[in-house]
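Let me begin by presenting the structure, written as C-alpha cells, before commenting on it.
None of the figures in this text is laboratory data; all of them are computed from the coordinates on show. Predicted, not measured: the structure shown is a model, and the values here were computed from it. Neighbour counts run over all protein chains shown; Cβ positions are idealised from the backbone, glycine included.
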Amino acid sequence: MSELQLISVHIHERLTSIHRLMDLSAAQLPRLKMKKLGQELLTVDSLLEQLETCVNEQKIQLQQLKKLEESFQTDLVEVQHLQNHIPAHLPKKKHLENSTEAVLQLNPTPAPEAEPQKNSRAVRHMEFISTAEFNLIPQYMRGRVSYEQVNAVVRCFNSAVSAKYRIIHQSVKSLNNQSRRLQQRFKEQENKDTTGQYFVVDQDIHDFTQMKVDKRFLSVVHMLRHCRRLRELRGGGVTRYVVS
C-alpha cells in the first residue's frame, strides 16, 4: 500500500469516527466524548496536511517522469533513424603495406636526449648580515661602522673567494703564467686545517677587490667573526679568513 493510500485510509477512519460522534449530537454527550471529538478533528486536520504534501510530491515526480519519457522518446527516434540508414558497406581500415614501416610507426625511435650540462663547482660564500644581527653586535665593537659598510666587506670577501677558487678549479694548461703563479701560491697556503674549507688571505683581498685592508676592515672582520660568518686560521705568517 502506497503512502497516499495509507493516508486516505486514516482519513476515512477518522471521518467515520466523527460521523458517529455527530450522530449522537442530539443527546447530551459526556464531556469525555466531546474531548475525543476535538482530538479526532485535530487528527483529521493533520492527516489532510500530510495528504496535501504527499499529493504535491506525487505531482513533482509525475513531471519528472514526463520529462524522462520525452527524452527517451527522442533517443528512440534517433536510434530507429540510425538503424534504418546503416550503409551497406562500411569503410575498412587501411593496412600498412610494408611491415617494417608499420613497426617504425608503431615504435618510433625516441629522439636523443640532450646531455646535461656540467655544473661548475659550487663555492661557499658568506651570508650577509641581517639588521637584527647587526643590532646585536655590541656598541663598543661596532663603533661608527654602519650596517652597509659591514655588508660591503661581506661582498668583498665573496668576490675574492669566487675569483680565487675560479683559478684553483681550472687545469694548469688552461692558465696563463700569472694565473699559474697565483694557483701555486693558493696551494702553498693550504694545510691540513684548511682541507674542504674556503678561505682567503689579505693578499687575495688586495688582488681581487678594491677594498683596503686597514683598521676599519679589521674591525669589520672582528664583527664578522662575532657573527660567526668567518673564523681565522693563523700559521706560517699568514692569516686565513675561513668562510663559516
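Here are a few things to note about the model shown:
- Only residues that are more than 46 Å from the chain's Cα centre (by Cα) and in contact (Cβ under 8 Å) with a residue 24 or more places away in the chain were counted across region 197-229, and they come to 3.
- The set of residues in region 130-140 being surrounded by 17 or more Cβ atoms within 10 Å (Cβ to Cβ) and either of a type in the set (Asp, Glu) or over 38 Å from the mean Cα position of the chain (by Cα) (or both) consists of GLU133, ILE137.
- Filter pass, VAL242 being in contact with a strand residue (DSSP E or B) (Cβ under 6 Å, 6 or more places away or on another chain) and surrounded by 16 or more Cβ atoms within 10 Å (Cβ to Cβ): no
- The sole residue among ASN191, ASN177, ASN151 that is over 26 Å from ASP214 (Cα atoms) and either aliphatic (A, V, I, L, M) or out of contact with any strand residue (DSSP E or B) (no Cβ under 9 Å at 6 or more places or on another chain) (or both) is ASN177.
- Hits in region 174-206 - residues which are over 15 Å from GLY235 (Cβ atoms), part of a loop (DSSP other than H, G, I, E, B) and either of a type in the set (A, V, I, L, M, F, W, C) or in contact with a helix residue (DSSP H, G or I) (Cβ under 6 Å, 6 or more places away or on another chain) (or both): LEU175, TYR198
- Apart from one condition, GLY143 fits all of (1) loosely packed, with under 15 Cβ neighbours inside 10 Å; (2) touching a helix residue (DSSP H, G or I) at 6+ places or on another chain (Cβ under 8 Å); (3) closer than 21 Å to ARG121 by Cβ; the exception is (3).
- Residue within region 173-190 that is surrounded by 13 or more Cβ atoms within 10 Å (Cβ to Cβ) and within 45 Å of the chain's Cα centre (by Cα) present: no
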